[in-house]
1. About the Cα centre of the protein assembly as shown, what is the dipole size in debye to 20, counting +1 per Lys and Arg Cβ and -1 per Asp and Glu Cβ, all else neutral?
2. Tally Lys and Arg at +1 and Asp and Glu at -1 over the other residues with C-beta under 14 Å from the C-beta of B:A327: what net charge comes out?
3. I need to check one value: relative contact order of chain A, counting alpha carbon pairs closer than 8 Å and at least 6 residues apart, in percent.
4. Under the definition of Cα pairs under 8 Å and six or more residues apart, what whole-number percent is the relative contact order of chain B?
5. Restricting attention to the alpha-carbon atoms of chain A, what are Rg (one decimal) and Dmax (integer), both in Å?
6. Which net charge results when you count Lys and Arg as +1 and Asp and Glu as -1 among the other residues whose beta-carbon is under 10 Å from that of B:V273?
7. Which whole-number percent of Cα pairs in the protein assembly as shown have a distance greater than 27 Å?
8. Between segment B:146-160 and segment B:231-282, how many Å separate their Cα centres?
Amino acid sequence: MEPRITTAHLAVPEHVVYRDFASETVLLNIKTGQYHGLNPVAGRMLETLDRVSQFEAAVALLTSEFEESADRISSDLAELCERLLERGLLEIRDPS
Amino acid sequence: MIAIGPSVLRLRAPEVRRWNSRSFGLELSLGFDAPGLPRAPAAIGVGALVDTTVDLVYADSLRAAWPRAGSRRTGLMGPAERPVMTVDEHPEAGYLIHLRPYGRYLVSSDGRFIACAPPSVAWWYWQRLLIGQVLPAAAALRGYEVLHASAVRIGDRALAFAGAPGAGKSSLALRFLQRGATLVAEDVVAVGDPLGRLTVEPGAAMVNVTDDEASLSEAGDLAKLGQVVGRSHGKVHVIVPREERATPLAVMYLLERDDGALPMFEELSGVGVAHVFRNSFVSYIYRAERMIRQLDLASLLARTVPVIRLRVQPGWSAARLAEAVEAHAEAMG
């Protein structure tokens, strides 16, 4: 797991919007015009992370919500973050 | 700032009485008769409601006013070397739509002014482009999403029929009109979400029936529906009564031709972006705000409106199909 992710402030960039659909969360990168889909669990993870900004805070909330181990949630969330960062759908922000 | 408006263009017949209509979500004031767009009832202060002006202009003034520098082609139909239709966009001037037999049309960048430069042909001929492309483009610029679909009103709700060209959307809508439903829109539907509920805006009141469909109707059927105003390209154009209010969308049917092996009605359990966007219209308007709006409306549709795959069975007439669809829609409540 990339250490910077677990300690950074993470946020959905301004050029990315996402909306809930019946069976997926759809992200739109306005800069590229590309759409991306997340399954319901990943969509919930993204929404939680975007709301609280900090990785560990999101892990705590999601662990309670999904009734899973913190290690499992942490691993899954980190993988999701990596993929979203690669695609420019998430960014690391300076907390100041 | 390059804005092309009535002060820049040479208007044809600027003194004619205005034709006001609420269509595609727009409060229109047209400088010519447009029977395909039902006239808004006269009311005190109606002028204050107008938000979109549509005028006839001379083609040479439109060509001269369009700024070539800074404009780019965003839409093209037909072969590249000899396109049937082109759309050029200029960030300040707007969109210039040209379809060779129908003329040139400007839609201002904010969608509030439209200039029409048609050739000297019957009104019902060139206004097919006005209602089929130009007004939908203005509606898209004004925050509505436009879908390649037809819609009818039964009771207090609308049913929409979307699908590829030739799937049977218009024929199905026609049969619903014969069964007593009211037309909301034909071929192009503008969708909005006032108060967080998906609604269909009244569109064109001109139904385009194929010659085959018209010949299947009993003599006088079309005349009972409305006024036949012309024929072109294998279709009969009929002006019919139209719903005047935005109507909540109850069900969206996606029509597909089928071989009969699978069930006719299938409610889609995971409606996604693709289901909605494949029927989206005026794709040449490519702006961030429109993309976000499309996503908002598609999300609302997926979460609140049943979307039914309707497999059109081989050998079924449009009349029989309408009967089955009406029964299905009633059963859905």
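Quick note: the coordinates plus some simple rules give every number you see, no bench work behind them. Just so it is clear, the model here is predicted, and its values are computed rather than measured. In this analysis, Cβ positions are derived from the backbone assuming ideal geometry, glycine residues included, and neighbour counts consider all displayed protein chains.
1. 1840
2. Neighbour charge sum, excluding B:A327 itself: 0.
3. Relative contact order comes out at 38 percent.
4. Across chain B, relative contact order equals 15 percent.
5. Cα-based Rg and Dmax for chain A come out at 12.7, 37 Å.
6. +1
7. Everything past 27 Å amounts to 58 percent.
8. Result: 8 Å between the Cα centres.
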